[in-house]
1. Given a Förster distance of 60 angstrom, what is the FRET efficiency for B:ASN137 paired with A:ILE127, based on the Cβ-Cβ distance and rounded to 0.05?
2. When all C-alpha to C-alpha distances in the protein assembly as shown are sorted into bins of 10 Å, what percent of pairs does each bin hold, rounded to whole numbers?
3. How much length, in nm to one decimal, is gained on full extension between A:GLU217 and A:GLU87, taken as 0.36 nm per residue of separation minus their Cα-Cα distance?
4. I need the helices of chain A that pass two filters: whole DSSP H segments spanning 18 Å or more by Cα along the axis, and mean Kyte-Doolittle score no lower than -1.0.
5. Gaussian network model of chain A, Cα springs within a sub-10 Å range: biggest mean-square fluctuation belongs to which of A:ALA137, A:ALA230, A:ALA295?
6. Hey, what D do you get for chain B in µm²/s if you plug the Kirkwood alpha-carbon radius into Stokes-Einstein at 10 °C and 1.306 mPa s?
7. Grab the beta carbon distance between A:VAL239 and B:SER181, set R0 = 30 Å, and tell me the FRET efficiency rounded to 0.05.
8. Tell me the Kirkwood radius of region B:111-163: reciprocal of the mean inverse pair distance over distinct alpha-carbon atoms, in Å.
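All of the numbers you see were taken from the coordinates with simple rules; none came from a lab. Everything quoted here is computed from the prediction, not taken from an experiment. Note that we place each Cβ from the backbone using ideal geometry, even for glycine, and neighbour counts take in every protein chain shown.
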Amino acid sequence: MSQVAAPPRRTGPDGGTPRPASRRRAPRRIGVRAVPYVMVAPFTAFFALFFLVPIGIAVYQSLHGTERAGLLGKPKDVFVGLGNYAEVLTDPGFHSGLLRVLGYVLLTIPVMLVLSAGFALILDSGIVRLRRLHRLAIFLPYAIPVVVATLVWGFFYQPEFSPIAGALRSLGFGTPELLEGGALLGSIANVAVWQWTGYNMIILIAALQAVPVSVYEAARLDGCGELALALRVKLPMLVPAMLLAFIFSLIGAFQLFNEPAVLRPLSSSVTADYTPNLYAYSKAFTDAQPGYAAAIAVVLALATFAFSFVFLRAGQRKGAL
Amino acid sequence: MKRLGLPLTQLVLLLSTVYFLLPLAWVLVNATKGSDDLFSAIGFAFGERFALFDNLAELGTYQHGLFWRWMLNTVFYAGAGATVATLLAALAGYTMAKYRFRGSGTLSVLILGAVLVPTTALALPLYFLMVDLGLDNNPLAVILPSCVSPIGVYLARIYAGSSVPNEVMDAARVDGVGEYSIFFSISARLMAPALVTIFLFQFVAIWNNFFLPLVMLNERALYPITLGLVDWNSTPPSSGNVIYHLVVTGALVSVIPLVAAFLLLQRHWRSGLAAGSITA
C-alpha cells in the first residue's frame, strides 16, 4: 500500500529553505507527529463509546439479575454469574425462536441468491431489452424502509385488503391465511426476498463488470455461447461475491426483528418469543429482565459470529475468498 | 431451444419486474382511495372517489400534523447522523491509508470485526448506556450511535489509498501546507465520490432504522417516520378510528424522498456497491 511514514520528513523544521511566500509559522515537531492520532481520534472515540462500551455493558448486564425485596421493594442488581446464560441455553422460548430463524434462513437465502445471480447474469449478458429499467425496478425495493415494505406487504396479506385473496376468492377458492401459523414465516420471507434480491444483484453485476473483457473474448473465440459463458465462465467468478452476500444475509437473518414486530398487531401467531431478538426485546421492556435480555443478545451475537466465521473460513479454505 | 430461450428469458425478467414493482403500484393506487373505498374496492381497483388530495390534506392535519413532524425528525436524524459519520469515517479511513501510526493494526482489526456485528445486537446495550447517560427518550440517543460507520471507514480507506497520490501530498508539504489543510483542501476533494457514497448509505441506514428509535424513544413527537407509521398501523380498528387510508398515503409520501434520491444519484450508489464488493 502507499503509506508514508509520519512525521513526514520533508515538513521537518529544517526541511529546506522556507519559501518567502509561505505564511507558515515555525513548524512544531510534536504537532506533526500527533497528526494521525488527532485525525483518527474522533472516530475512535465514537466507536469506543457507542460500539465497544455497549458490548461491555451487555456482558456486564448478562451476569446480573434483578432482585426485589418484597413486592414494592426497590429493584436491586445482584451478581448471578453465568446463571442467565444457563437459563437462556435451556429456554424453550429461545430454542423455538432460533429454530424459526433457521427456517427463515432456509426460506430466504437460497431463493435470494439464486434470483440475484440469475438476474445479474441475464442483465450482464446484454441479450435482453430494457436492461436499465429492469435493473432499476429490481433494485428499487432496497430504497423502501423495511418497516414500510412490511406495512405494505401486510396489506397484501390481510384478507380485507389483499389483492391476492381477492383474486383467489373471485376464482372460487377460499381466502388464504397468510398471516397465521406456518404460512406467516413464508410471508415474512417473501418481504425479505423482495427487499434484498436487487441489492445483491447490483453487487454481483459490479463483480461481473470487474472481470477483464479479454476473459470473455477468449471464451467466445473458443466457441463459447452466451449461456455456456454465463454458467461456465461468469458464474464461477461470482462465487466469492455470493459467499459474502450469503454471510451478510446470515448476519441479518439472525437479527430478524422488524418484519415480525410490524406484523404483530395483525397476527396472533407472532408471539413474544417469535425470534430471539423479539424475545430479548420483550424480556427487556415487557418483563423488566434486562440481565436476561442481555444474555440473549450476547448468545445471539456469539452464534452469529461463530456462523459467519465458520463460513468465512470454509470459503477461504476453498480459495473462494 | 435457442429460439425459445431468449423470449423465455425476456418473459421471466418481465414477470420479475412486475413482482418487484407490485407493492409500489398498490400503494400508488390505494393512496387515491378514501377510508371507505379502501375496504370496498379491493387490491388494484380504483375507488369511487379520487381521494388522494383529501388524504394528503388529512395527513397534514391529523393529530396536529404529527406526520410532517415525523418526516422532519427523520430528515434531521438521518442528515445529522450521516454528516458526522461521513466526516469521522473520511478522517479515519484516510489516516489509516496514508499514515503509519501505533495502534493502526489493532484499530483496523476492530473495525473489520465491527462490520460483522449487526447494529440490532447493539441496540439493547446502547439503551442501557443511554439511560446511564440520561439520554433515553432524547434525539441524541438515536443520532450519536448513528455517527459510527465502520463500513464507511473501510470504504474511505480503500478509496483514499487509490485516489489520493502521495506525490500530491508531498508537493503540498513542500509548499508548506499543514497536514490538516492537506486533508481538508486537497485529499477530501479527491475523495469526494467516496464521501457522497458513504453519506448516501449511512443516510439510508438511519432513515430505515426502526429498532434503535423503538428502543430509545417513547415520546411520539420524537418518532422518526418508520416508528410513526407503525404506531398508526397498530391502532386497533375497534377503536372506531380507522386510519388505514392515512397509513397508506403516509407510506407513499414517506418513500418519495429516498426513491428520488436513488434515482438521481444512481451513479454514486452503484460505484459504492462496486467498491464494497470488489475489495471486500
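1. Approximately 0.60, to the nearest 0.05.
2. 3, 14, 24, 25, 18, 10, 4, 1, 0, 0
3. 40.8 nm
4. The qualifying helices are A:29-47, A:92-125, A:181-209, A:235-254, A:290-317.
5. So, out of A:ALA137, A:ALA230, A:ALA295, the one fluctuating most is A:ALA137.
6. Values: Rh = 22.0 Å.
Once the numbers are plugged in, D ends up at 72 µm²/s.
7. Efficiency, from the Cβ-Cβ distance: 0.10.
8. Answer for region B:111-163: a Kirkwood hydrodynamic radius of 12.6 Å.
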